[in-house]
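As structure tokens, the structure follows; a few thoughts come after it.
The values are calculated or read from the model by the stated rules, or taken from the named source; none is laboratory data. These figures come from a predicted structure and were not determined experimentally. Reconstructed Cβ throughout: ideal geometry from the backbone, glycine too, with neighbour counts over all protein chains shown. Surface accessibility is based on the protein's heavy atoms, side chains included, excluding ligands, DNA and RNA. Shrake-Rupley method; radii C 1.70, N 1.55, O 1.52, S 1.80 Å.
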Amino acid sequence: MKSSQLTAEIVRSLKALSDPDRAFQTARFFKTGPGQYGAGDVFLGISVPQQRALAGRYKKVIDVETVGQLLDSEYHEVRLTALFLLNLGFERDYRTGKGKPWVDLYLSKTARINNWDLVDSSAHIVLGCWLEQRERDILYRLAESGLLWDNRIAMVATLHFIRRGDIEDCLRLAERFLGHPHDLMHKASGWMLREAWKRDAGQVEDFLNKYTDIMPRTMLRYAIEKMEEPVRRAYLGRDVRQ
């Protein structure tokens with residue numbers, strides 16, 4: 001089957017699952033109003049389990065061209081399903097040394113990976129895995145980008161390293177994002193710090209002790225969420241912005 005035909009088939013299958021009431025509620029949840037971070041995004045109203053199940057049916061036949069076409073869709077769920085397919089295609093081909101085309105596609109389409117769920121469903125699985133044994137300069141280029149989603153991709157990609165006990169890039173990027181203007185980056189950085197703390201509490205607590213007084217409050221709250229209550233109170237007590 002040609003890529004264009006496969007793309008059309010997948011889109012038809014997704015549209016058949018659409019639910020207008022769910023679409024309306026989901027659009028509100030993902031802040032699609034004027035001036036909000038998801039402004040202008042369009043939803044079909046399809047659950048994530050339904051999207052994952054559909055992606056699973058195509059994992060053996062999916063190709064880079066088809067996923068690229070799906071990522072250009074106006075519909076949020078088509079793009080998310082495309083990323084589930086991209087993950088599957090990457091994992092399939094990475095084992096045989098053929099993962100690079102998927103990574104290249106991912107990096108060429110970051111403007112289409114344009115909401116936090118899209119980033120969080122893919123960055124560590126594709127980019128993080130790819131960079132585990134490679135130079136990681138791309139993370140710092142993404143961190144310097146003016147695109148919020150590039151920044152979040154850089155941060156969330158470190159989850160792959162963190163789960164293997166390597167928290168250096170998480171700490172370096174979290175330091176860069178201390179002054180980031182958007183709370184979606186405060187949340188992402190705090191989340192990664194929390195995961196890093198589970199692996200190396202000492203290093204993360206040293207980081208927090210150094211930066212708590214200037215750290216965005218949301219980042220701090222996310223970072224200390226799993227600590228004992230007295231420790232959380234101590235960190236929050238240092239925050240003069242309460």
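Taking the condition within 20 Å of the chain's Cα centre (by Cα), open to solvent by 30 Å² or more (accessible area, probe 1.4 Å), closer than 25 Å to Y37 by Cβ and at pLDDT 95 or above, does E168 pass? Against the criterion (within 20 Å of the chain's Cα centre (by Cα), open to solvent by 30 Å² or more (accessible area, probe 1.4 Å), closer than 25 Å to Y37 by Cβ and at pLDDT 95 or above), E168 does not qualify. Of the candidates T66, T81, the single residue that is open to solvent by less than 10 Å² (accessible area, probe 1.4 Å), of a type in the set (V, I, T), at pLDDT 95 or above and over 25 Å from A188 (Cβ atoms) is T66. Per the listing I224, I214, I153, the residue uniquely more than 26 Å from R112 (Cβ to Cβ), among the aliphatic types (A, V, I, L, M) and buried (at least 19 other Cβ atoms within 10 Å of the Cβ) is I224. For beta carbons closer than 9 Å, sequence separation of 6+ or different chains, a first residue in segment 19-40 that is assigned to a helix (DSSP H, G or I) and a second that is β-branched (V, I, T), the qualifying pairs are R22/I46; A23/V42; A23/I46; T26/T32; T26/I46; A27/V42. Of all the residues in segment 121-161, those that are in contact (Cβ under 8 Å) with a residue 24 or more places away in the chain, part of a loop (DSSP other than H, G, I, E, B) and farther than 22 Å from G35 by Cα number 4. Restricting segment 182-211 to residues that are among the polar types (S, T, N, Q) and open to solvent by 10 Å² or more (accessible area, probe 1.4 Å), the residue that is farthest from G35 (Cα to Cα) is Q203. Every condition in (1) assigned to a loop (DSSP other than H, G, I, E, B); (2) without any contact (Cβ under 8 Å) to a residue 12 or more places away in the chain; (3) under 23 Å from S122 (Cα atoms); (4) open to solvent by less than 60 Å² (accessible area, probe 1.4 Å) holds for A53 except the one numbered (1).
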